[in-house]
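Below is one structure, written out as structure tokens; the observations come after it.
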């Protein structure tokens, strides 16, 4: 059971793999620029891009699909692969189905594993062994064409690509696009050329905590989330859902798998005087339970989430990365509550520390935060486009972040993307003791605050 839960956790995270030729060696991560202008080839806009995602939840696939859509619109040849297809079928089963089981039935164990992967040599050894299972097929994908860039939106894929890159088996540049607001050790690999984040706060946190330069690239969600809807459409949608025009409504999102304690959260929304509109994803059992609670509007899988976000007053989420990013683009105030273990709680802490939304840790805090956020005026702002940065990497026009401005794409207001207060501890490089078994050894980053 412990092995199954460990492999499940690894579906949401990977780790760093380093292979010294002999003995141990100490490496300073801060000395390796993220974008080394001396080694970036000059590539034409016709160069191909490979995007590797992971079909665990919807966040990684959503970011990969949106990036592919934007790059294809610019005439770039893009291929997309699912990292799980590179693994043996038992591993695919564990990652897809075991994640729901562990988060829902064994949250304390999942939280422990998520924290332990930062410093446990045993957990890291299992992670590295798991990542190596995908080496052969990922290498086949990455060398099928003369790709100018390989982009990963999934931590395990990033670790496998980083391993291939460091060993010299992969000559294409590799970029990791972090879909989570919080930077966990599992997202970081020193052989990956570029680490891209959604917000400036995440980039600051990652560089302060791990000593690897990171660059805020912007959100990868469809443009429709930023467009808004007409008053007529808003009224019609509220009427369809049985909501009065004068009611304050909180949208509760449980992710594609319907995770988290949605029933408790919905009752908390009712106690605060708002109407809970709950998206249950594909979890029909959850929807049936919520439907029995008077005053709760429970919905299944929807394709009009962008319209719903412009119909409600506040978002309540369990700190999933995709949901937060969609709300950020829509300008919708958010509250993190009853967050799922591991990455959910880490994301909530990072969002709060960046000033992008409170994390309510009790029913009393939730009532206060919900009312305050629902009373705020929606703020829409222009967000940077990650595909522009990807194109600059292909063209060889990207600059080293040590000398570049924070964004090489259109700027956004700091109150939206935030300068970000790092919760990773003092800035500076991390000394990594590499042991003969490819283990990061004493690489100990200050952990993300989770409580």
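The values are calculated or read from the model by the stated rules, or taken from the named source; none is laboratory data. In this text, all values refer to a predicted model and were calculated from it rather than measured experimentally. Every residue, glycine among them, receives a Cβ derived from its backbone with ideal geometry; neighbour counts consider all protein chains shown.
Things worth noting here:
- Set 157, 175: member being closer than 17 Å to residue 85 by Cα and in contact (Cβ under 8 Å) with a residue 40 or more places away in the chain: 157
- Among the residues examined, residue 328 does not qualify as more than 19 Å from residue 360 (Cα to Cα) and buried (at least 21 other Cβ atoms within 10 Å of the Cβ).
- Leading residue by the ranking (nearest to residue 225 (Cα to Cα)) among those in segment 371-392 that are in a helix (DSSP H, G or I) and over 24 Å from the mean Cα position of the chain (by Cα): 374
- Only a single item in (1) outside any loop (DSSP other than H, G, I, E, B); (2) in contact (Cβ under 8 Å) with a residue 24 or more places away in the chain; (3) under 30 Å from residue 184 (Cα atoms) is not met by residue 332, and it is number (1).
- The set of residues in segment 353-370 being surrounded by 23 or more Cβ atoms within 10 Å (Cβ to Cβ) and over 20 Å from residue 264 (Cβ atoms) consists of 354 alone.
- Wholly within segment 221-328, helices (runs of 4 or more DSSP H) carrying at least 2 residues that are more than 23 Å from residue 357 (Cα to Cα) and either in the same structural domain as residue 363 (by TED's automatic domain parsing) or at pLDDT below 95 (or both): 231-241, 284-291
- Qualifying residue in segment 147-166 (condition: touching a strand residue (DSSP E or B) at 6+ places or on another chain (Cβ under 6 Å), surrounded by fewer than 24 Cβ atoms within 10 Å (Cβ to Cβ) and within 28 Å of residue 125 (Cβ to Cβ)): yes
- Within segment 49-75, tally of residues that are in contact with a strand residue (DSSP E or B) (Cβ under 7 Å, 6 or more places away or on another chain), more than 14 Å from residue 152 (Cβ to Cβ) and modelled with pLDDT under 95: 0
- Selection of segment 297-353 for residues being within 15 Å of the chain's Cα centre (by Cα) and farther than 25 Å from residue 115 by Cα yields 326, 327, 328, 329.
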